[in-house]
Structures are given as C-alpha cells and as structure tokens.
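Before any comments, here is the structure.
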C-alpha cells in the first residue's frame, strides 16, 4: 500500500505541475501581442530527495537585463532624434521663407526697387514702389521671426504637457517596486509585475532619457541627468517653472531643491524638444536678429545721409533697432517715412533735380560687406543661414534614420530572446497536455489497483 500511496503522490504532483505548465503556456500565448511582455517558462525539478516524480520550480521570466538597459539607452536616443527630426520639419518650411521665394526674394526686390528709384528719383510711382518694397522686406523679416518664435512656443508647450505622463510613469515604477518586493518576499514570482515595470522604464527612457539600475533586492532606481527620481517606493516628481529671461519654462524637480534639468537633459523626447527650443530655433532667432540689425543699421546710415524730395535730410528708413536682440521682430519702416514716399532720401544734394545718387548708394549695399561684423553681404548672410539650417535638418534626419536602425536591431534581438513564438508555445502546450494525459492514465491505473485491493 505504501508503494501505491507514493505512486499516487508522484502522479498527483505530475498532474498539478503539467497543469500549471499548460496555464503558463496559455498565458504566453494570450500575451503574444502585449508590448514589453517577456516569455515565461515553468522551471521543473525532481520531487523529493529520492528524485521520484517532478514538481515545478516556479515561473521564470526570460529577460536579459543588459539588453534591457541597452534598449532603454537606444530608446532614449531614438526619442531625442525623432523629436528633433520631426520638429525640424518646421524649419524646412522656414527655409522657403528665407530662400528665393521668401526673405531672399524680398531682399532682392528691395534693392531692385531702389535701383529703379535711382534712375527716376522724381517719379512718384518709383518712390511708392521703393517704399512698398522696403515695407514688404520688413514684414517678411517679422514673419520669419514670428514663425520661429511660434515654433519655440510649440516646443515649450510640448515639454509642459508631457510632464504629467512622466510623473505618472515615475509613480508606476515606485508602486511596482513596492508590489514586486511584497510578492517576492512572500515567495511568489512576479513576472507580470516586472514586465509592467520594465515597460514603464522604457517609456521613461523614451520620454526623458531616464536610466535605471536594479539592486540585489530587485528594486529599481531611476535617474535623469544624474538626478535620482525613483528610489524604492520614493518618488521625486518633475515640474516646470517660468523663466523670466526667455519667457519659456525651465524643467526642474518638484521638491524644495528645484534642481534644474533644462540644460542637462540630453535624451528622450523632452530632451529633443528642449534642444529644438533652446539651441536650434534660438540659433535661428539670433541669426535673424543679427541680420535685421545689420540691415537696419547699414540702410539707415546711407538713408540718413541723403535728402528727401521735400529737402529734409537725416531721416532713418527703418525704425532704428534698440539692440540686436529682438531686432527682427521689431523691424519696420520709420514713422517719418512710413506713409510719405516723398520723404525717401533719393538725393545727395537738396534741390538738385534728377539727383538719385543716394538711392544708388543705398542700392549698392547689396554688394557691401555690412553683415556678420563686416565679413558678409546681406545676401550672403541669408545664404549662410540657409546653409546652416539645411545642414541641421539633414543631420537630424540622418540621425533619426541611424537611430531607428539601431533600435530596430535591438528590438529584434530582444524579441528573439524573450518574445513569444506561437509555434514554440503550441509545441510546449502539446507537450504539457500529453504529459498531463499520461499522468491521468497512470492515476487511473492506480485507482483501479486501489479498487482491486479494497475489494479483496
């Protein structure tokens, strides 16, 4: 009888073990399309010191921690590259405004109109055309400045609206740290909880370039730009504070320390938005301000040396800029000439009929080295800005493509190691089912033997 009871225990253990294997395999199959899911396998071990029968050794999560960290790093870089490349498409639209059909064309029209005025200084239509061309050039500069600022505002807005998601993910990691610790301390595996935590970590890498490290207790710490945001179940949220200097927001920790991460964030989508706002678009705005300042300064110097048809000299053509910063947004006709074509200083000498020499001098500024500290013409300055923006966009697109390839390769590797193969799982399911059926037959025979013994 003792032998039959032993066989009964061995067979019952096999039934439960293989039934558990069926459940684990079914769980894998049901999660084949779940993002971030890692395949689970049932560990098997000998039952008892005499190694009679089989029992489960717990569910194991098939995961490579090194590969997980590499994926997070590449996802942070991909988020940064994607954000900049997509957002820099805005700059491609601005290229047209700077190029042959935009600001460049307006600059050519401006100089062309003043050449026409030089040849017919007493012609009222020629004066009206020169005034209109000047006003149109100023309007073009203001429009590009406004579009550039609008793109910065959009990037700033995207940083602010992304923060609730970031803080939610930080909370999720801390809560999952706590749940995993409780489950594993009680001897229960927590593979699904670990998957959820891994997905939150990957999201944080994509959003803000977060790095994570797991200690020997299975707890994950999360840091961004060297600042720890999650430690165990403790969370340090992020917030934004207004920057009085720029008019935009700074990204800081939400505690009393208010550690500023704005310039330190170099990864993830938020890092890309900040780089776009504070480096790429700010660089364009600075270059445009310098162009507007150089234009107004050079043109005014010539115009103020000439005489209007009314005999008055010393008038500015553009409202004199107060400083380089903000010169593009403020560029406009000076109030003294804004609605008075006869105030345009086409002549060098008062009262000289047909004197268009000052208009000619102003028109020849298109060949003068008056921009970039006297190193470039105004047209060459625009062309240099165009080239710089074009190179910026091209580099961003190349970086996006390269990063997408690297991330795709790692995701493929991760899927091959930790993903769910339906074919493999169907084979495992068949194996567990056959083992369960075999154990059932043995159990049935043992039951028949018990019946026979009891009937004797």
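Restricting attention to segment 334-367, the residues that are in a loop (DSSP other than H, G, I, E, B) and either on the phi < 0 side of the Ramachandran plot or not assigned by TED's automatic domain parsing to the domain that holds residue 130 (or both) add up to 17. Got at least one residue in segment 281-289 being assigned by TED's automatic domain parsing to the domain that holds residue 356, within 25 Å of residue 206 (Cα to Cα) and either touching a helix residue (DSSP H, G or I) at 6+ places or on another chain (Cβ under 6 Å) or touching a residue at least 60 places away in the same chain (Cβ under 8 Å) (or both)? Yes - at least one qualifying residue is present in segment 281-289. Exactly one residue out of 388, 371 is closer than 25 Å to residue 146 by Cβ, in the same structural domain as residue 115 (by TED's automatic domain parsing), in contact with a helix residue (DSSP H, G or I) (Cβ under 8 Å, 6 or more places away or on another chain) and surrounded by 15 or more Cβ atoms within 10 Å (Cβ to Cβ): that is 371. Just one of the numbered conditions (1) closer than 15 Å to residue 415 by Cα; (2) in a helix (DSSP H, G or I); (3) at pLDDT below 80 is not true of residue 70: (3).
The residues on offer are 197, 236, 142, and the sole one that is surrounded by 21 or more Cβ atoms within 10 Å (Cβ to Cβ), in the same structural domain as residue 283 (by TED's automatic domain parsing) and either in contact with a strand residue (DSSP E or B) (Cβ under 6 Å, 6 or more places away or on another chain) or in contact (Cβ under 8 Å) with a residue 24 or more places away in the chain (or both) is 197. Per the conditions (1) surrounded by fewer than 20 Cβ atoms within 10 Å (Cβ to Cβ); (2) part of a helix (DSSP H, G or I), the sole criterion not satisfied by residue 293 is (1).
I need a count of the residues in segment 112-125 that are within 16 Å of residue 307 (Cα to Cα) and surrounded by 18 or more Cβ atoms within 10 Å (Cβ to Cβ). Break it down into steps so the answer makes sense when it comes.
Going residue by residue through segment 112-125, those that are within 16 Å of residue 307 (Cα to Cα) are 114, 117-124.
Next, from what is left, pick out any that are surrounded by 18 or more Cβ atoms within 10 Å (Cβ to Cβ): 114, 117-118, 121.
Counting residues in segment 112-125 that are within 16 Å of residue 307 (Cα to Cα) and surrounded by 18 or more Cβ atoms within 10 Å (Cβ to Cβ) gives 4.
For segment 368-393, a residue qualifies if it is at pLDDT 85 or above and in a helix (DSSP H, G or I), and the qualifying residues are 378, 379, 380, 381, 382, 383, 384.
With respect to residue 51, determine if the residue is part of a loop (DSSP other than H, G, I, E, B), modelled with pLDDT under 85, out of contact with any helix residue (DSSP H, G or I) (no Cβ under 8 Å at 6 or more places or on another chain) and in the same structural domain as residue 368 (by TED's automatic domain parsing). Even if it seems obvious, please write down each step before you answer.
Numbers: part of a loop (DSSP other than H, G, I, E, B): yes; modelled with pLDDT under 85: yes; out of contact with any helix residue (DSSP H, G or I) (no Cβ under 8 Å at 6 or more places or on another chain): yes; in the same structural domain as residue 368 (by TED's automatic domain parsing): no.
Here the answer is no, as residue 51 does not meet what is asked.
Going by what's in this entry, would residue 32 be described as at pLDDT 80 or above and loosely packed, with under 15 Cβ neighbours inside 10 Å? I'd like the intermediate steps shown before the answer.
On the way: at pLDDT 80 or above: yes; loosely packed, with under 15 Cβ neighbours inside 10 Å: yes.
Considered against the rule, which asks whether it is at pLDDT 80 or above and loosely packed, with under 15 Cβ neighbours inside 10 Å, residue 32 comes out as yes.
One residue alone among 266, 262, 246 is touching a strand residue (DSSP E or B) at 6+ places or on another chain (Cβ under 9 Å), surrounded by 14 or more Cβ atoms within 10 Å (Cβ to Cβ) and more than 20 Å from residue 338 (Cβ to Cβ), and that residue is 262.
State which residue is surrounded by the most Cβ atoms within 10 Å (Cβ to Cβ) when the search covers only segment 200-211 and only residues that are in contact with a strand residue (DSSP E or B) (Cβ under 7 Å, 6 or more places away or on another chain) and within 15 Å of residue 171 (Cβ to Cβ). Even if it seems obvious, please write down each step before you answer.
Within segment 200-211, the first condition is being in contact with a strand residue (DSSP E or B) (Cβ under 7 Å, 6 or more places away or on another chain), and the residues that meet it are 201, 204, 208-211.
Checking which are within 15 Å of residue 171 (Cβ to Cβ) leaves us with 201, 204, 208, 210.
Values: 201: 27, 204: 27, 208: 29, 210: 27.
The qualifying residue surrounded by the most Cβ atoms within 10 Å (Cβ to Cβ) is 208.
Is it true that residue 105 is within 30 Å of residue 347 (Cβ to Cβ), free of Cβ contacts under 8 Å to residues at least 24 places away in the same chain and in a helix (DSSP H, G or I)? Steps first, answer last, please.
Numbers: within 30 Å of residue 347 (Cβ to Cβ): yes; free of Cβ contacts under 8 Å to residues at least 24 places away in the same chain: yes; in a helix (DSSP H, G or I): yes.
Yes.
Scanning segment 329-368 for residues that are out of contact with any helix residue (DSSP H, G or I) (no Cβ under 6 Å at 6 or more places or on another chain) and under 19 Å from residue 106 (Cα atoms) turns up 330, 334, 338, 364, 367, 368. Only one of the numbered conditions (1) within 30 Å of residue 223 (Cβ to Cβ); (2) within 17 Å of the chain's Cα centre (by Cα) is not met by residue 180, and that is (2).
The values are calculated or read from the model by the stated rules, or taken from the named source; none is laboratory data. What you see is a predicted model; the values in this text were computed from it and never measured. No Cβ is skipped: glycine too gets one built from the backbone with ideal geometry, and neighbour counts run over all protein chains shown.
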